[in-house]
């Protein structure tokens with residue numbers, strides 16, 4: 001239908017339904033297509049129709065993230081948002097030709113008062129020679145002659161978020177905007193997998209990606225940290241058993257023991273966990289009885305004695321996706337082995353933190369942890385003395401900010 005333009009230009013094209021009542025596509029009428037370049041992550045719009053020999057017509061492409069437009073019912077007027085990492089998703093209006101775009105909101109005026117940063121794409125190859133991308137965020141007023149601490153954030157493929165605007169806010173994972181505005185580099189490399197070897201696959205992608213950034217000359221190699229949650233947390237827990245590249249690591253809601261997690265339950269859905277190990281995200285490729293060694297080799301807990309990286313973990317007691325006991329197994333293994341490890345559990349919270357007071361609390365802990373190991377800041381009291389059970393709520397209350405005042 002699109003005459004091979006998408007494949008030729010490495011651009012994904014998708015039909016945009018402007019009429020919410022539409023139930024079919026008229027093959028003789030022009031149709032609007034959204035476009036996203038897979039190399040640059042530029043986005044925009046094309047026009048095409050099913051019947052006819054003409055190539056799709058490019059209407060607009062830019063280094064921005066355009067959302068799907070909405071059309072006025074009785075006028076040739078479209079409304080949409082456009083954003084970049086350093087540009088708030090303001091509202092823009094145009095017509096069906098996209099020749100003139102007019103901004104009609106100015107939310108970006110508030111962002112302009114703060115140090116923000118920039119986003120760029122980094123190309124690299126994994127250890128098997130597969131070409132990959134990674135998103136690198138740099139502080140505002142970046143100076144290539146300086147050496148910066150860097151935090152790596154992982155999940156699977158993340159480079160598609162190059163132009164995504166990230167509002168600074170507390171949560172369960174690092175907020176890239178917050179860390180970049182505080183003088184960190186943030187790197188998000190893409191990861192591809194070989195069935196049966198998810199842990200090793202992550203290692204083969206993340207380390208070459210880091211090296212590609214280090215080779216640019218502005219990374220402090222003694223100040224590289226890594227953070228990830230859930231699947232990202234698992235991969236970190238595995239990688240620190242294989243490499244000492246990281247000065248500090250913060251895996252959240254991780255799976256440590258695939259043999260015990262395999263026959264667990266995803267409490268949120270009630271589904272057995274076996275399917276995800278055999279055929280979906282965990283990518284083992286078969287059952288525990290078909291590939292027992294794969295389950296053992298990919299389980300961080302069986303190699304926990306090799307860990308030399310300080311770890312900060314979070315795993316909540318009502319986690320509805322990854323059983324809480326997985327975090328407990330890894331933490332107790334590390335403590336039994338005399339490793340430096342810290343674990344936070346927020347009672348009543350699920351896979352990710354929902355209560356704002358807890359989000360603020362853990363966001364502060366993450367910052368103190370990374371600032372200590374990557375910037376040389378003094379260790380906070382909780383790292384040296386722990387937090388007594390009866391002091392937990394008082395500890396959080398010390399840092400409570402009125403919900404009437406936005407950070």
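Quick note: the coordinates plus some simple rules give every number you see, no bench work behind them. From a predicted model like this one, the values you see are computed outputs, not experimental measurements. So basically every Cβ, Gly included, is an ideal-geometry build from the backbone, and we count neighbours across all protein chains shown.
Tabulated values for the structure
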item: √(5λ) per eigenvalue of the Cα gyration tensor, the chain, largest first, Å; result: 40, 27, 22
item: Length gained when the stretch residue 15-residue 382 is fully extended (0.36 nm per residue, less Cα-Cα span); result: 126.9 nm
item: Taking the C-alpha atoms of the range 312-401, convex hull volume expressed per residue in Å³; result: 108 Å³
item: Principal-axis tilt of helix 324-336 within the chain, Cα atoms, nearest 10 degrees; result: 50 degrees
item: Fewest-first ranking of 29, 133, using other Cβ atoms within 10 Å as the exposure measure; result: 29, 133
item: Nearest-ten-degree value, helix 356-375 long axis tilted from longest Cα axis of the chain; result: 70 degrees
item: For the range 100-163, alpha-carbon Rg relative to the globular expectation (2.2 N^0.38 Å, N residues); result: 1.50
item: Packing-based order for 155-162, 52-59, 226-233, using average beta carbon neighbours within 10 Å, highest first; result: 226-233, 155-162, 52-59
item: q = 0.10, 0.17 Å⁻¹, the range 125-253: log10 I(q)/I(0) [Debye, one scatterer per Cα]; result: -0.29, -0.87
item: DSSP beta bridges in the chain [antiparallel fraction, %, rounded to 5]; result: 70 percent
item: Estimated FRET transfer efficiency when R0 is 22 angstrom, pair residue 293-residue 128 (beta carbons, to 0.05); result: 0.55
item: Between helix 198-214 and the chain: long-axis angle, C-alpha atoms, 0 to 90°, nearest 10; result: 70 degrees
item: Convex hull per residue volume in Å³, alpha carbons only, for the range 12-73; result: 91 Å³
item: Burial ordering of 100, 395, fewest other beta-carbon atoms within 10 Å first; result: 100, 395
item: Inter-label distance, nm, simple model (7 Å from Cα along the C-beta direction), residue 53/residue 222; result: 6.9 nm
item: Separation of alpha-carbon centers, the range 47-85 and the range 286-339, rounded to whole Å; result: 47 Å
item: Spacing of the two label points (7 Å from each Cα toward its C-beta) at residue 390 and residue 194, in nm; result: 5.5 nm
item: Rg/Rh (Cα only; Kirkwood hydrodynamic radius) as it applies to the range 5-111; result: 0.98
item: Residues residue 93 and residue 364, FRET efficiency given R0 of 45 Å [Cβ-Cβ distance, rounded to 0.05]; result: 0.65
item: Ranked 267, 116, 289, criterion: other C-beta atoms within 10 Å, fewest first; result: 289, 267, 116
item: Calculated FRET value between residue 111 and residue 40, using beta carbons and R₀ = 22 Å, to 0.05; result: 0.40
item: Mean Cα-pair separation over length for the range 5-111, i.e. relative contact order, pairs under 8 Å, 6 or more apart, %; result: 16 percent
item: DSSP bridge orientation in the range 133-288 - percent antiparallel, rounded to nearest 5; result: 30 percent
item: Cα gyration tensor shape of the range 241-332, rounded if a/c is under 1.5, else prolate or oblate by comparing a/b with b/c; result: oblate
item: Distance between modelled label sites at residue 279 and residue 146, nm, 7 Å Cα→Cβ extension; result: 5.2 nm
